Amino acid sequence: MDRIWSELQVFWANAVERLTINDVIDIVIVAVMLYNLLLLTRETRANQVLKGVGIIVVAYWVSELLKLQAFHWIMGYIMEAGAVVLVVLFQPELRRALEKIGRKTGLVDMVHHQENADEVDRMIEEIIRAMENLSRRKVGALIVVEHKTALGDVIETGNPLDSIVSAALLENIFEPNTPLHDGALIIRGTRIIAAGCFLQLTEENSISKQLGTRHRAAIGVTEQTDATSLIVSEETGIMSMARSGKLTRHMDAQSLRTVLHEIYDPEKDTVTGVITPMINRWRGRK
């Protein structure tokens, strides 16, 4: 016990009494990195792996402190191989993190450029009209809207189209027993780039068993990229939206319209979202 107390005193002296501005900067950088790592792995299987890694690190420190030679040797061996193991286990999360860093620092170019406002409004209404019609007829559909992360590898698995977005075309593509109905449709900017594309399914086990392959594919592409998926259930006709690995069900025309405007005009949507409540509160006071 005396040894542990002396170790804590030494740690306090080194960590606090000799603290410099460089040490503070170092601590802040590490804290921000750990915080973003926890956000990235929150509510995923990687979160459980991180907890296991934390337990191993604590066990390694305690075994060294208490001079448990055999246990310390085992923990040290695990720690040495830990770097390679973590790269293998966290491969999807590391890829997603690097993509986010690239988007935030401007290293990844915008995939779709600023489009004409009238064309954007027309396209959004066409998508909504098609999804409502497909929902009413209980025809399954999966539409993926590309954001900043290019979906070139996904597009290569389908059939190139490069056409304008229209409700009639969307409904025809997803019509059962047609060549392109089985797969995802990719929209880049205001044009349909490809249809009949294959997506990697999510491996998340917490998803309801009632949801089929179409929903799992829609979630999977949003886990690996910043794309947004729009889904119509073939069994129920329910319209859903997937973003950042999260599925939102029971969407209506207005909620779809809001999501699509957020994608194509985020600054306008942000301003509206801030100013409108302020105006409403001001009117209520009057």
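In this simple spin-label model, placing a label point 7 Å from the Cα along the Cα-to-Cβ direction at both residue 258 and residue 36 gives a separation of 2.9 nm.
Take the Cα gyration tensor of the range 117-273, multiply each eigenvalue by 5, square-root it, and list the three semi-axes largest first, rounded to whole angstrom.
They are 20, 18, 17 Å, listed from largest to smallest.
Computed from the C-beta positions of residue 71 and residue 244 and an R0 of 45 Å, the FRET efficiency is 0.65 to the nearest 0.05. What does a probe at residue 162 reach in the range 188-213, counting residues whose amide N is under 16 Å from the point 7 Å along Cα→Cβ? What the label zone holds, given the 16 Å backbone N cut-off, is 188-195. Extending 7 Å from the Cα toward the beta-carbon at both residue 191 and residue 206 defines two label points whose distance is 4.0 nm.
Values quoted throughout were computed directly from the atomic coordinates according to the rules given, and no laboratory measurement underlies them. Remember, predicted model here, so these are calculated numbers, not experimental data. Here the Cβ is made from the backbone with ideal geometry for all residues, glycine too, and neighbour counts use every protein chain on show.
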